[in-house]
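Single-structure report; data block below.
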Amino acid sequence: MTTKSAPSAWRDPVALLAAPAVLYLLVVYAFPLLWLFMKSLTGPGGLTIQPYVSFLSDPFNWRVVGNTLRVAAWVTVVCFVIGYPAAFALARAGAVLQAVMLVSIILPLSVGAVVKAFAWQIVLRRDGIVSQTLVGLGLWDEPQRLLFTETGLVLGAANIFLPFMILPIYSVVKLIDPRLSEAGATLGATPLYRFTHVTLPLTLPGIVSGVAFVFSMSVSMFVIPSLLIGDRFQTLATLTGRSFLLMRNEQLGSTTAVILLVLAVSIVVGSTWLARRIGGSQT
Amino acid sequence: MTALERASQYIVWFIAGFTVLFLMTPLVVTIAVSFGSSTVFTLPPPDWSLRWYERMAGMRGLLPALVVSLQIAAVSTAVAMVLGTLCAIALVRGRFPGRETISTFLVSPLMLPGLVIGIAMLQGFKAMGLRDVYASLLVAHVVITLPYIVRTVVGALSLFDFSLIDAARTLGCSYPAALVRVLVPALAPAFLTSGMFAFLASMDNYPISMFFTDAWTKTLPIQMLQYVEERPDPTIAAISAGLVLLAILALIIGDRLVGLRKMADF
């Protein structure tokens, strides 16, 4: 019967090779996500948005949403400020320096978040490297503890997510023909004009995907805030985790989980759409 | 070299140096602390010692957690390799509608919050009657490892020239023999690298695993976090150093097989 509704899919026997993986993910991944979504919208009397209404009517929860978005925004800004020039440096560096940079970008990617967050607990202590360096440079009068502060959290998270900003931007920067900028210079364009009219537009697709990666990861990070800032500071993700693992409040946890899911999906869909629009307008 | 070129050279060096320093800080600090004698993470360490490594060897619960993690990572990667490769062949060689949707779907676990996937699975598995901790971990970790395999093998397959298989058959190979003798060696690097990174992703996973562990079955990151919360001392740095070493090994092998630049493709 299905053969009639989708004839072209079944005419190609190779398609069957995709079936095991797709079926597997449908059953153990897509179905549970859908189930979670549906359950968050059904109350005792059928379809309801009551859990969301009561979630949003609590000012504490607004603070949680605010914390989540503010920290994610700061992490994204820090990653961009460091990552954008770093992507150019990576593209323009000589062979040896480039290899060193690549190692320092890829290696941390295969080390777990628990390991890196624990390392940042050491780095952000009162006698840690950041504090020592800032005092040494004369920027701070006396050592300060950054651990369990929002600044410390942003710094640690930005460090952990930085590769996800550098790599997408690098992937477009390496394709830019340096002669383009030279041509602009020959035609009398100032460096600033060349940057805003040639380089920046060309790197925009990379920026969009880097920002989307870092922002969505920062919104949903869980281990990093638990280790770097503690329980006093709640984000949507830590609240979700706590309500399942400690408070046993599955209703609240499902609500925040779905909010996180919707946020993450809209970032992915939005950035894909944006990247396609930018890419389309250039060709 | 003009003054401007030299200046831009220095700027590149400066930015590159800063980035490398920033990115490597956590790893270097961890390793330095693990070989130091100080209990309170003093840096630079007052004296070098191996006491934390000795301590690590006697830690209760560490070895079982490591074994569970290694088993789950190995089995889930193996399953994902079979499922993922079959699917990648269909995506690259097949001519049917919806291939783009399927490939997005298969890679999507990488893009959604792990925590949410974990919660959904926790409730979904309960609804389906799957209660065994070990089995749940295994089933969940295949979802974590599958995207790595699909992404890399699709990439490698689309670069593979399938007329080579026709050539092998013209030269007298049967179709399966042609696959084994031509396709498999050509794909081996992509296979090994993606397998390695899938394995590491499974080993390091925290947000999904945390919903599927109990007092008896814990994965390494869960056990580590418990140590961090209970008694943070440099023993955890010693365990971390071991995991960093594993990542370094993976990086060296990956570089030999496909090259660093290829691994940075996004």
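Listed by first and then second residue, the pairs with beta-carbon distance under 6 Å, at least 6 apart or on different chains, first residue in the range A:240-255 and within 12 Å of another protein chain (Cβ to nearest Cβ), second loosely packed, with under 15 Cβ neighbours inside 10 Å, are A:SER243/A:ASN249. Out of curiosity, is B:ILE208 touching a Gly at 6+ places or on another chain (Cβ under 6 Å) and either over 30 Å from A:LEU97 (Cβ atoms) or among the hydroxyl-bearing types (Ser, Thr, Tyr) (or both)? Criteria met by B:ILE208. Inspect the range B:179-197 for any residue being within 11 Å of another protein chain (Cβ to nearest Cβ) and of a type in the set (Gly, Ala, Ser) and give the result as yes or no. No, the conditions are met nowhere in the range B:179-197. Counting the residues of the range B:218-266 that are in contact with an Asp or Glu (Cβ under 8 Å, 6 or more places away or on another chain) and under 30 Å from B:SER37 (Cα atoms) gives 2.
Take the conditions (1) over 14 Å from the mean Cα position of the chain (by Cα); (2) free of Cβ contacts under 8 Å to residues at least 24 places away in the same chain; A:LEU274 misses just one of them, which is (2).
Condition first: closer than 30 Å to B:GLY84 by Cα and either over 25 Å from the mean Cα position of the chain (by Cα) or within 11 Å of another protein chain (Cβ to nearest Cβ) (or both). Can you find one or more residues in the range A:55-62 that meet it? Looking for residues that are closer than 30 Å to B:GLY84 by Cα and either over 25 Å from the mean Cα position of the chain (by Cα) or within 11 Å of another protein chain (Cβ to nearest Cβ) (or both), one finds none in the range A:55-62, hence no. Scanning the range A:86-135 for residues that are of a type in the set (Phe, Trp, Tyr) and facing another protein chain (nearest Cβ under 7 Å) turns up A:PHE118, A:TRP120.
Among the residues of the range B:1-23, just one is under 18 Å from A:PHE80 (Cβ atoms) and either at pLDDT below 90 or among the hydroxyl-bearing types (Ser, Thr, Tyr) (or both), namely B:THR19.
Where helices (runs of 4 or more DSSP H) fall entirely within the range B:99-177, those with at least 3 residues that are more than 20 Å from B:PHE212 (Cβ to Cβ) and at the interface with chain A (Cβ under 7 Å from one of its Cβ atoms) are at B:99-107. Filtering the range A:228-268 to residues that are under 17 Å from the mean Cα position of the chain (by Cα) and at pLDDT below 90 leaves only A:VAL268. Considering the range B:1-55, the residues that are assigned to a helix (DSSP H, G or I) and of a type in the set (Gly, Ala, Ser) include one that is nearest to the other protein chains (Cβ to nearest Cβ), namely B:ALA16. Quick check: anything in the range A:38-50 at the interface with chain B (Cβ under 8 Å from one of its Cβ atoms), in a helix (DSSP H, G or I) and out of contact with any His (no Cβ under 8 Å at 6 or more places or on another chain)? Yes, the range A:38-50 contains a residue that is at the interface with chain B (Cβ under 8 Å from one of its Cβ atoms), in a helix (DSSP H, G or I) and out of contact with any His (no Cβ under 8 Å at 6 or more places or on another chain). Scan the range B:214-249 for residues that are among the polar types (S, T, N, Q), at the interface with another protein chain (Cβ under 10 Å from one of its Cβ atoms) and not in a helix (DSSP H, G or I) and the total you get is 0.
Quick check: is even one residue across the range B:149-156 in contact (Cβ under 8 Å) with a residue 40 or more places away in the chain and polar (S, T, N, Q)? Yes, the range B:149-156 contains a residue that is in contact (Cβ under 8 Å) with a residue 40 or more places away in the chain and polar (S, T, N, Q).
Of the candidates B:SER194, B:SER174, the single residue that is polar (S, T, N, Q) and modelled with pLDDT under 90 is B:SER174.
Among the residues in the range B:177-196, are any out of contact with any helix residue (DSSP H, G or I) (no Cβ under 7 Å at 6 or more places or on another chain), charged (D, E, K, R) and surrounded by fewer than 17 Cβ atoms within 10 Å (Cβ to Cβ)? No, the range B:177-196 has no match at all.
The values are calculated or read from the model by the stated rules, or taken from the named source; none is laboratory data. In this text the structure is predicted, and so the values were computed from the model without any measurement. Please note: Cβ atoms are built from the backbone with ideal geometry, for glycine as well, and neighbour counts cover all protein chains shown.
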